[in-house]
Amino acid sequence: MTKADIRVEIRRNPFRPFTIQTTTGSIYQIDDGDAAGISHDGKKMFFFAKPAGYVIIDLEAIKEILHTKDDPTDDESDEDDETDETDET
């Protein structure tokens with residue numbers, strides 16, 4: 001994962017919670033962009049985790065970024081649209 005990839009997620013406005021999966025299979029939830037950052041050398045990501053503490057990850061160890069569903073009504077409205085299209089056919 002690149003520094004730019006992570007920076008986009010952290011700075012997204014409005015912020016969308018996301019999950020990071022590492023190459024070792026660890027999974028971390030990032031709930032607040034203000035509680036996460038990238039090291040000055042651009043090789044590590046850090047964030048504050050609940051209930052207390054922090055995590056530091058090498059960017060090379062980040063396998064995937066997964067987005068958390070923000071608003072379940074978005075999916076419902078998509079389903080309604082699909083239903084309407086089906087009814088018209």
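Odds and ends about this structure:
- Within region 1-38, the residues that satisfy the criterion of being surrounded by fewer than 16 Cβ atoms within 10 Å (Cβ to Cβ) and of a type in the set (S, T, N, Q) are T2, N13, T19, Q21, T23, T24, S26, Q29.
- No other residue among E64, E60 is within 15 Å of T2 (Cβ to Cβ) and in a strand (DSSP E or B) apart from E64.
- Whichever residue in region 1-44 is among the β-branched types (V, I, T), touching a residue at least 24 places away in the same chain (Cβ under 8 Å) and assigned to a helix (DSSP H, G or I) and, among such residues, is farthest from I62 (Cα to Cα): I10
Laboratory data are not the source of any read-out in this text; all were calculated from the coordinates shown. These numbers come from a predicted model, not from an experiment. Neighbour counts run over all protein chains shown; Cβ positions are idealised from the backbone, glycine included.
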